[in-house]
Structure formats: structure tokens, C-alpha cells
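Below is one structure, written out as C-alpha cells; comments come after it.
Read-outs: derived from the displayed coordinates by stated rules, not from any lab. As the structure is a computational prediction, the values presented were derived from the model and not from experiment. All Cβ positions, glycine included, derive from the backbone under ideal geometry; neighbour counts span all protein chains shown.
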Amino acid sequence: MITTLTCIVCPMGCSVSVALENGIVTEVAGYSCARGKKYAEKEVVDPRRIVTSIVRVVDGEIPILSVKTKESIKKDKIFDCIASLKGIAVSAPVKIGDVIVKNVAGTDVDVIATKSIDAA
Amino acid sequence: METCEIAVIGGGPAGLAAAAAAKKHGVDGVLIIDRDNRLGGILNQCIHNGFGLHTFNEELTGPEYAARFVDEVDRLGIRCMLNTMVLDINERKEITVMNSSDGLTEIKAESVILAMGCRERPRGALSIPGYRPAGIYSAGTAQRLINIEGYMPGKEIVILGSGDIGLIMARRLTLEGAVVKAVAEIMPYSSGLKRNIVQCLDDFGIPLKLSHTVVDIKGRTRVEGVSIAQVDGNRAPIEGTEEYYACDTLLLSVGLIPENELSQKINLAMDPVTNSPIVNDIFETSAPGVFACGNALHVHDLVDYVSEEAAIAGKNAARHVRGPRTAPGRQISVKAADGVTYTVPRTIDPQRAEGTVKIRFRVRDVYRGHCLNVYFDGDKVQSSKKMILTPGEMEEVTLKKSDLAKRDDLKEITVKVEKE
């Protein structure tokens, strides 16, 4: 299977094609530098993203807490991760780095607070 | 009248870094004034990651990046006036502020650091026909509504302009359940970072329509839809290319404007390209003791550079107050030419420079395989070949003090984009 993607290593935005057979990269074409080749291979074999979103806060100085996955998770888990955050409300005070959801969507990655919020 | 040694106007990334640097260089009487109820500025609503790679070698979210500096400002015991609007400032560095607890107060400072940030270009600055229905927001307003206040601005969205905030919001809205139908960009290239185009649009299959713009907004009380048309080389819509998108919300991400009403009140010399104060190599404006930094000075892509430049401003504001003050030496002017739109700084004092001086700037167009060249008067002294230069990415060249010192007759440094 050949996947074509835009490289994000620099503003060039090379269109890189990666051929994948049984999970192994067999050919990479269209890249202009070693970093771009590495990025494209990783992006095709195991694409991951840090997911950032929000949850509600009860009795806080502001009503919304920003959160993120502590590490990157598999790209196809992004929407599962977001769905697990729906309906969650935490009570203030919250400290930056507090775990909000453990092992989100079965990814083995925790969702943590990215902001400290005092009680109202 | 109240007094302070250094007044920092704005408690965003620039103000925080400047204040911390000033305090660390021996000035106790630093005061940060901010109109919001929280330090950190726009970073508080930029909840996505990607901040601080240069400074901390890790990818932080906006609030986390801000927290590093807010914690430092706390630790240093720097005084902050929040919920406080600066109304006026004069050439004697007397600042008029207002808040709900003290009313009007005048503060006299020995040095002032301008760190007011920037504003989004509003709809009124574009000539889009149509009524004035609800549902038209700047991208940053939508970002604040969702990430700070917890409201969704709409369900079906079209975004005009592919600036980074617009791209980031395309992803945010999609994740929160809205349908983003298209991003239209009038230019043949995006002014956003490549990484944002891939991770905010491509990841979610959102089309980016380059050389397209919104030509009509339908709806009297609420947006019902927009028409998008292709534009020609002169950015004029091409008849017959209109496509209608039903939507309830139009976001605008069409540029940022440095906020400099206060700078104008002190009659600072302004750069007509950036609409912000002209500064020298220590970020001092045309008024001695008044410094400018952050997005009020020039709009940045990376907050790391904001912090770095602001720290230089803060350190030199401390020198202005505490000394040693060096007599102004010889000034070399810095000129933008051939594809370079502006430079920060505009003058360099070669005696005062420490080690190296960075010149930051933007280019006018997309250039492939061109060189960034630096000339000392007529002589080409530096050349670096670039695979690509784009207006969306700030560029820099670094000059060594030792090279500047070698040329004691040097009058002008010119930065150019050239084929060779």
C-alpha cells in the first residue's frame, strides 16, 4: 500500500510517498532530507498525536479546564479520547499536571490538566 | 502620584519574560499591568501543544508555557495589577490606569516596557458584501468562547483565512463536534505553519481552498451560508466560480495587527510596515527608556522568540534604571530590501552588542532556492541558501559583534532575498 503525505519537518512541505507491505516500509520517495524521510516513515507506520481538549470545572474561578494526553496517542484513537472526556466535570481547585482521566480510551496514557484553577 | 521603576504594560508572554528579566537584573520596583483577570495573555486560550520547543526542549500547551513564566514572576515577587486597563501614557512616562477597586490612578515610571500584544483583523477591514448577521467571529474570539468560557459558537463552520489561529480552530471545532466545511485562503499559499495545515486540516479531511475568498454572506439575523469564489492573480473573484456553503458560522483568520494606541500617545517613531515602534538592538524605541517587545512589536509565529526578545528588553530596561548606562554610541542602520519587508531591530550599536545580534524579519513572497544575503554597506558578508522562504515563517540572520567591530566605518546593514 502506498500512502502519500505532506511532510511537516520544514515549510517546504514535500509530498512524500511511503510504500508499506505487512507493516514494513519498502520504499520512500519524494523527500528532500533525512529528517523528512524519517518523519514520513514514522507517520505511516505509527502516527501519533498529543490530544488537547477541555473539561468542565465545578466551583472554579473559570468554568473550563484545558487538558492534554500526557503522551502522544495513536491517531485513530483521537475521537475515542475526545468522547471519553465528554460529560466529565472536575471540582476546583485543580493543579496543573493533575490526572483528570486515567488510561484514556484504553491507550495506557493519562489525560492531565494543563492549567491551575483556583476555587471560586 | 504612585511611582515604580519599570512599568510593564501587558502580562502575556512578552510582559512576563520582560518583567522577570528586569527583576533578575536588579530592579525591585517592577510592576506588570494587565487588563485580564489572569496573567498569561493569549496563551491561556491556546490550549493546543507545540509551544516552547526551543526554550524548554519539550512541546507544551499554551497554558503550560504561560505557567512557567507566571510561576517565575510569582517566585520573584513581582507586583501585578490585574483587571486594570491602561488608558493613557505620556512622554514623561506617566501612566493613567483604571480598575474597579481603585478607580483612576496615575503611575510614574522610570522605564516602560510596551508588551500589549496584537489584535485580530476584524470583518470591517474586509470588503465582504452581505448583512450583519450573528455568527461571524474572529478565530480568536471563537477560541476564547470554546476554551475559556465553554460555549460552542456554531455547528456548521466555514473559515476565511488560513492563519494559524484559523487552522487551530478548524481542529478544535471538529473535535468538539462541529462540521468545518472549508477553509478559504485568498492567497495562493497559506500563512499558517505547515504542521498546522497537516495536523489541523489534512488529519480531518478539511479542504483548504487556496486562491479562494468569501464573496457573499447569506442571512439576515443569523449566518445561513456563504459563497466562496476563486480569485485571479490580482485577488479579484472570478465570475462563475462561486460555490455556496450552507453554514451557521463564519470564522475570520485574516491577520493580526500589533496593538499600539499607547505607543502613538508617546509619539514613538513607528514602522509603517509593521505598524509598531521602531526599535534598536536592545528593543528600545525612539523614546529613551521606553522599550517594546512581543507581538506589539512584530507578530511572531513562535512564542519562544517572544520570550527571548522580551528578556533582552527587560534586561536593558533594568540597565536604564540602575545602570551602567552607556552613552549612545555609533548607530548602524539596518535596512530591509529586495523581498524583505521589515527588520527588527532597525539600528545596531556595535560597541554595546554582546556576542551576537539577531535580525528578525519576514519576506514578501514564497521564494524557492533563494539566498538570504547580508550586506555591510556595499559588500556581501553573509549568504545562506534556503530551500524555501515564505511570508508565513519569520526568518533571522545572526551577526557577530566581532564582525561589526572590524568595520568601524560601517553605516548600513542590508538584508535581501536574492537568487544567488
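Data for the structure
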| read-out | value |
| --- | --- |
| Gaussian network model of chain B, springs between alpha carbon atoms under 10 Å - residue of B:Ile146, B:Ile47, B:Ile128 with greatest fluctuation | B:Ile128 |
| Tensor-based shape of the stretch B:39-195 (alpha-carbon gyration tensor, a/c under 1.5 rounded, otherwise prolate or oblate) | prolate |
| Amide H partners (placed H, <5 Å) of B:Tyr342, local residues excluded | B:Arg362 |
| Pairwise FRET efficiency - B:Ile257 versus A:Thr4, Cβ, R0 = 35 Å, nearest 0.05 | 0.40 |
| Semi-axes of the equivalent ellipsoid for the stretch B:283-420, Cα gyration tensor, largest first, Å | 26, 19, 11 |
| Enclosed volume per residue, in Å³, of the convex hull spanned by Cα atoms of the stretch B:191-273 | 178 |
| Along principal axes, Cα extents of the stretch A:52-113, largest first, whole Å | 34, 19, 14 |
| Relative counts (whole %) of C-alpha pair distances in the stretch B:60-137, using bins that are 10 Å wide | 12, 28, 29, 22, 8, 0 |
| Quarter of Cα convex hull surface for the stretch B:331-391, i.e. mean projection, nm² | 4.4 |
| Computed magnitude of the charge dipole of the protein assembly as shown (debye, nearest 20; Cβ of K, R +1, Cβ of D, E -1) | 420 |
| Proximal charge balance of A:Lys37 [Cβ under 14 Å; K/R count +1, D/E count -1] | 0 |
| Amide proton proximity set for B:Asp36, modelled H, under 5 Å, gap of 5+ | B:Asn83, B:Thr84 |
| For the stretch B:39-51, Karplus couplings with θ = phi - 60° (6.51, -1.76, 1.60), whole Hz, Gly/Pro x | 6, x, x, 5, 4, 4, 9, 8, 7, 6, 9, x, 9 |
| Listed residue (B:Asn57, B:Val8, B:Ser253) projecting farthest to the positive dipole end of the protein assembly as shown, Cβ model | B:Asn57 |
| B:Gln351-B:Ala125 FRET efficiency (beta carbon distance; Förster radius 60 Å; 0.05 resolution) | 0.90 |
| Dipole axis of the stretch B:166-288 (+1 Lys, Arg; -1 Asp, Glu on Cβ), positive-most option in B:Ile168, B:Val214, B:Asn275 | B:Ile168 |
| For chain B: relative contact order, % (alpha-carbon pairs under 8 angstrom, 6 or more apart) | 16 |
| Inter-probe distance in nm under a simple model that places probes 7 Å from Cα toward Cβ, at B:Arg222 and B:Phe204 | 2.0 |
| Derived scalar couplings ³J(HN,Hα) [the stretch B:253-258; Karplus, 6.51 cos²θ - 1.76 cosθ + 1.60; whole Hz; x for Gly, Pro] | 10, 10, x, 10, 10, x |
| Kirkwood-Stokes translational diffusion coefficient of chain B, alpha-carbon pairs, 10 °C, 1.306 mPa s, µm²/s | 70 |
| Per-residue ³J(HN,Hα) for the stretch B:242-249, Karplus 6.51 cos²θ - 1.76 cosθ + 1.60, θ = phi - 60°, Hz, x for Gly and Pro | 5, 10, 9, 10, 6, 7, 9, 9 |
| Cα convex hull of the stretch B:1-90, projected area averaged across orientations, nm² | 6.3 |
| Only Lys, Arg (+1) and Asp, Glu (-1) charged, at Cβ; the stretch B:122-254 dipole about Cα centre in debye | 320 |
| GluC sites (Glu not before Pro) restricted to the stretch B:347-416 and DSSP loop, no more than 11 other C-beta within 10 Å | B:Glu354 |
| Distance violations [Cα-Cα > 25 Å] among A:Lys70/B:Lys23; A:Lys68/B:Lys209; B:Lys358/B:Lys416; B:Lys315/B:Lys358 | A:Lys70/B:Lys23; A:Lys68/B:Lys209 |
| Max mean-square fluctuation residue, GNM over chain B, Cα-Cα springs under 10 Å, options B:Asn267, B:Asn44, B:Asn57 | B:Asn57 |
| Cleavage-rule hits, trypsin sites (Lys or Arg not before Pro), the stretch B:317-420, DSSP coil, Cβ neighbours within 10 Å at most 12 | B:Arg325, B:Lys411, B:Lys419 |
| Extension gain from B:Asp74 to B:Thr326, taking 0.36 nm per residue of separation minus the Cα-Cα distance | 87.6 nm |
| Principal axis dimensions, largest first and in whole angstrom, of the stretch A:2-46 by Cα | 31, 15, 14 |
| Projected label distance in nm at B:Asn90 and B:Ala246, using a 7 Å step from Cα toward the beta-carbon | 6.1 |
| GNM result for chain B, Cα springs below 10 Å: residue of B:Val180, B:Val273, B:Val73 fluctuating most strongly | B:Val273 |
| Amide proton proximity set for B:Glu2, modelled H, under 5 Å, gap of 5+ | B:Glu106, B:Lys108 |
| Given 15 as the ceiling on other Cβ atoms within 10 Å, longest exposed-site-free region of chain A for GluC sites (Glu not before Pro) in DSSP loops | A:1-60 |
| Most positive-pole-ward Cα, B:Asn37, B:Gly369, B:Ser402, against dipole of the protein assembly as shown from beta carbon charges | B:Ser402 |
| For the stretch B:122-254: rounded, prolate or oblate by the Cα gyration tensor [a/c cutoff 1.5] | oblate |
| Calculated SAXS-style log₁₀ I(q)/I(0) at q = 0.22 Å⁻¹ - chain A, Debye, Cα scatterers | -1.06 |
| Per-pair calculated FRET efficiency, R0 = 56 Å: A:Asn22 and B:Asn37 via Cβ, rounded to 0.05 | 0.50 |
| Hydrodynamic radius (Kirkwood) for the protein assembly as shown, which is based on Cα pairs only, to one decimal in Å | 25.0 |
| Segment B:Leu53-B:Val366, extension gain: residue separation times 0.36 nm, minus the distance between their alpha carbons | 110.2 nm |
| In the stretch B:63-168, the trypsin sites (Lys or Arg not before Pro) that fall in loop regions by DSSP, at most 13 other Cβ within 10 Å | B:Arg92, B:Lys155 |
| Dipole magnitude (debye, nearest 20) for the stretch B:328-420, charges at Cβ of Lys, Arg, Asp, Glu | 120 |
